[in-house]
Amino acid sequence: EVQLVESGGGLVQPGGSLRLSCAASGFMLSDHYMEWVRQAPGKGLEWVGRTRNKANSYTTEYAASVKGRFTISREESTNSLFLQMNSLKSEDTAVYHCVRGPRGEVVAGSAVYFFPMDVWGQGTTVTVCS
Amino acid sequence: DIQMTQSPSTLSASVGDRVTISCRASQSVSSWLAWYQQKPGKVPKLLIHKASSLHTGVPSRFSGSGSGTDFALTISSLQPDDFATYHCQQYIGYPLTFGGGTKVEIK
């Protein structure tokens with residue numbers, strides 16, 4: 001069974017740091033793009049960032065709201081994903097979900113095919129408050 | 001950034017009703033649009049991808065349509081298990097963006 005379990009959330013003061021972890025099971029993390037998506041209390045879903053798979057050199061993309069402050073990384077040996085969050089702000093308060101992304105884009109001739117994220121972890125809560 | 005706008009934000013309906021939720025993109029996303037269902041206290045579940053392709057195990061009463069900038073999610077006959085919030089998401093351009101969500105409530 002494919003499963004994602006996040007940990008590391010908590011209460012932190014503005015300007016502080018936190019490192020979230022996501023343990024994956026049931027599939028090889030290295031085969032998939034992986035996403036972080038957050039949901040502030042009573043709000044909609046906000047994509048935080050992505051790390052591509054091993055075949056695409058684990059390159060990353062970030063939302064403008066977190067670029068330069070958040071860093072996504074992986075550890076192959078433990079099949080784990082991480083989100084290092086620095087310079088935290090009150091607006092970063094949210095439940096953070098680790099989400100399995102696609103295996104990548106498929107190029108067929110002149111066409112490129114994209115695929116959605118499909119399996120979500122339960123999330124870990126981050127509260128930024130003085 | 002591609003802005004995704006869903007309407008309505010809340011929808012009241014009865015069991016057995018046909019329900020349609022709209023999602024509009026600020027620029028074309030071709031067919032690279034997904035729909036997710038989220039029940040209270042639960043994580044989103046993928047319902048539809050590529051605008052109209054049903055994800056594995058999703059009941060056939062759910063259907064998606066549209067391309068370019070205008071999309072719709074239709075539930076042909078609303079069941080008690082379908083009362084939830086529905087999110088659309090485009091996955092062609094960075095940043096990946098979601099609509100604001102549509103809550104389907106019991107009338």
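The values are calculated or read from the model by the stated rules, or taken from the named source; none is laboratory data. The model shown is predicted, which means the values in this text are computed figures rather than measured ones. Every residue, glycine as well, gets a Cβ built from its backbone with ideal geometry; the counts of neighbours run over all protein chains shown. Ligands, DNA and RNA are stripped out before the accessible areas are found, and what is left, the full protein with its side chains, is counted by its heavy atoms. Shrake-Rupley method; radii C 1.70, N 1.55, O 1.52, S 1.80 Å.
Tabulated data for the structure shown
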read-out	value
A:ALA63 long-range amide H proximity, modeled H, under 5 Å	A:GLY49
Spin-label proximity, A:CYS129 to region A:1-24 - amide N less than 15 Å from point 7 Å beyond Cα toward beta carbon	A:10-14
The protein assembly as shown - Rg (one decimal) and Dmax (whole number), Cα, Å	17.7, 54
Listed pairs A:LYS43/B:LYS39; A:LYS43/B:LYS107; B:LYS45/B:LYS103 exceeding 21 Å between Cα atoms	A:LYS43/B:LYS107
Cα convex hull of chain A, projected area averaged across orientations, nm²	8.4 nm²
Tail beyond 17 Å, pair distance distribution of region A:10-76 (Cα, percent)	51 percent
FRET efficiency estimate (nearest 0.05) - Cβ-Cβ, A:ASN79 to B:VAL15, R0 45 angstrom	0.60
Residue-wise HN-Hα coupling along region A:5-19, computed from phi with Karplus coefficients 6.51, -1.76, 1.60 (Hz; x: Gly, Pro)	10, 8, 7, x, x, x, 9, 9, 7, x, x, x, 10, 8, 10
B:ASP70-A:GLN13 FRET efficiency (beta carbon distance; Förster radius 35 Å; 0.05 resolution)	0.20
C-alpha center-to-center spacing [region A:52-127, region B:1-62] in angstrom	22 Å
Relative contact order (percent, whole number), chain A, Cα cutoff 8 Å, 6+ residue spacing	34 percent
Table column - 3J(HN,Hα) (Hz), region A:68-82, Karplus curve with 6.51, -1.76, 1.60, x for Gly and Pro	x, 10, 10, 9, 9, 9, 9, 9, 4, 4, 10, 6, 10, 10, 10
Rounded to whole Hz, the Karplus (6.51, -1.76, 1.60) HN-Hα couplings of region A:32-41, x for glycine and proline	10, 4, 10, 10, 10, 10, 10, 9, 6, x
For B:GLY100, distant residues with modelled amide H under 5 Å away	B:GLN6
Summed buried accessible area for B+A [probe radius 1.4 Å, Å², rounded to 100]	1700 Å²
Inverse of mean 1/r across different Cα pairs in region A:56-130, Kirkwood, Å	14.8 Å
